[in-house]
1. Sort through LYS332, LYS322, LYS299 and tell me the only one that's modelled with pLDDT of 75 or more and among the basic types (Lys, Arg).
2. Quick test for you: out of ARG443, ARG405, pick the one residue that is at pLDDT 65 or above and within 28 Å of the chain's Cα centre (by Cα).
3. Would you check which residues across region 191-217 are of a type in the set (D, E, K, R), open to solvent by 10 Å² or more (accessible area, probe 1.4 Å) and within 14 Å of the ligand (Cβ to nearest atom) and list them?
4. Going by the structure shown, is ASP82 more than 16 Å from the ligand (Cβ to nearest atom), of a type in the set (Asp, Glu) and open to solvent by less than 50 Å² (accessible area, probe 1.4 Å)?
5. Search region 85-122 for residues being open to solvent by 10 Å² or more (accessible area, probe 1.4 Å), under 29 Å from the mean Cα position of the chain (by Cα) and not basic (Lys, Arg), and hand back the single one that is modelled with the lowest pLDDT.
6. Looking at ASP220, ASP231, ASP253, can you tell me which residue is open to solvent by 10 Å² or more (accessible area, probe 1.4 Å) and under 20 Å from LEU419 (Cβ atoms)?
7. Take region 1-31 and flag every residue that is assigned to a helix (DSSP H, G or I) and within 16 Å of the ligand (Cβ to nearest atom).
8. Of the conditions (1) within 27 Å of ASN143 (Cα to Cα); (2) away from the ligand (no atom under 15 Å from the Cβ), GLY232 fails just one. Which one is it?
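The values are calculated or read from the model by the stated rules, or taken from the named source; none is laboratory data. Predicted model only: the values in this text are computed from it and were never measured. Here the Cβ is made from the backbone with ideal geometry for all residues, glycine too, and neighbour counts use every protein chain on show. These area figures cover heavy atoms from the full protein model, side chains too; ligands, DNA and RNA do not enter into them. Shrake-Rupley method; radii C 1.70, N 1.55, O 1.52, S 1.80 Å.
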Amino acid sequence: MKVMKFGGSSIAGVDGMNRTAEIIRSALGEKLVIVISASGKTTRHLLKCYDDLLNKKSNNAFSRLNNIEEEHIMLISNLIYDICIFYNVSTRVNQLIKDIRSDFEKIIEDGDSRLLKAKILSYGELLSSEILSAYLSYLNIGNKLVDARNVIITNENHLNAAPDLEAIRSKAESIIKPVVDSGAIAIAQGFIGSDKNGNTTLLGFEGSDYTASILANALDANEIYIWTDVDGVLTADPKFIDDTVIVENLSYDEASELAFSGAKVLHPLTMQPASIKNIPIFIRNSKNISCKGTCINRKGDIESYAIKSITFKDSVDLHEIKNFNLYNGNGKNNLELYNGNGNGSSSIHSNGGSEKVSSDNHFIQYSLITLVGKYIQKDPKIRKDLIAYKKKYNAKIIYPDSLNRINILIDKSICCEVLTRLHEEFIKKVISISRNKKSDYKRVFAG
Ligand code: ASP
């Protein structure tokens with residue numbers, strides 16, 4: 001069985017839906033579960049509606065909703081030319097839009113509510129999944145729409161809920177398995193679930209990747225495909241660095257480190273359910289299907305000692321730098337870093353770093369660069385080479401508990417320069433040496 005997740009950009013518009021249908025068609029013959037995100041930026045637009053309603057700008061919220069409605073109805077009109085299927089799907093989409101309107105009214109009356117917020121944000125997936133299911137039916141591709149809220153059972157942390165894997169396994173077996181066993185494709189919404197009282201919950205932004213991995217675990221799938229709009233995990237962010245290359249193979253640990261450290265390619269928790277069952281995750285570009293992308297599996301676990309990818313958090317404010325408790329009494333350095341938007345924090349537990357972060361300036365803006373690769377901390381050469389960065393850029397090199405990651409804290413203004421040099425020295429150079437010895441290149445980057 002394959003679980004395939006299609007992200008918002010992959011399914012956006014007529015072209016996106018066509019590409020998605022083609023990919024699904026080419027996988028027919030296997031048991032398939034499709035997990036789908038909201039189309040394009042629908043979730044962000046719904047979030048803006050919610051904020052508008054709280055800020056007493058309900059006219060804005062309703063006019064944004066009109067745009068969402070128009071976009072979805074237009075999409076249906078441009079995709080489906082069978083009157084009966086068109087009528088059925090537009091009726092359901094119209095009903096969902098009506099439901100959103102009535103939830104808007106409740107927000108106007110009740111004000112801020114986590115339950116209503118989760119409900120509002122869930123509509124993007126409910127809309128897109130209706131349309132994909134109808135479009136596949138129109139193309140004679142047998143499928144059944146499954147309401148993920150009946151399967152993805154979570155705790156009551158409504159906006160960032162944790163899945164209950166046991167409950168999900170039994171629901172998946174009774175609701176999804178019969179669909180795929182009958183030869184149809186099961187289509188489920190990503191991102192959304194429900195608590196035990198039936199209230200809608202969300203798995204956190206970009207949570208559809210996580211849904212795919214949870215369902216793959218629950219259904220003992222063989223493979224997970226994350227169809228997105230980039231060629232895979234790259235050695236660095238191409239917006240900032242030239243000559244990045246695709247990392248063909250990553251371990252689950254490496255992929256998690258990257259996702260938690262700011263790489264946007266996957267929801268950070270995606271690797272957990274997949275790794276429990278050793279299910280490979282393929283990251284593929286739906287707009288460039290000839291590209292093999294990145295495979296995340298246990299094979300990537302070899303001790304390559306190679307830095308596979310570099311990521312960074314652009315703005316990390318060290319509010320109380322003087323008071324940071326760098327030695328927490330457990331023999332570990334503990335440096336708490338808050339990201340610049342104040343939304344969330346990341347904590348670095350350092351094992352054996354002897355760095356002292358000392359400055360009188362409370363509000364210097366720092367960037368936090370993360371180097372990721374299996375056991376890179378154990379490589380004496382990498383450690384030695386990084387000393388030059390301490391000297392030249394006044395960088396703080398942090399060796400966290402995880403041996404697969406090294407953090408570098410630097411002044412934000414020189415982040416790009418340092419990133420470029422690190423990529424040049426630790427990745428491009430290694431690749432060009434390895435290219436001359438082909439087998440090594442494979443060992444390092446293809447696992
Ligand atoms: N639609 C949700 C979001 O935009 C979930 C997802 O796309 O994965 O975050």
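1. Testing whether each residue is modelled with pLDDT of 75 or more and among the basic types (Lys, Arg) leaves just LYS299.
2. None of the others qualify; the one that does is ARG405.
3. Within region 191-217, GLU206 is the sole residue that qualifies.
4. no
5. Result: ASP112.
6. Exactly one residue qualifies, and that residue is ASP231.
7. Listed by number, the residues that qualify are GLY8, SER9, SER10, ILE11, GLY13, GLY16, MET17, THR20.
8. (1)
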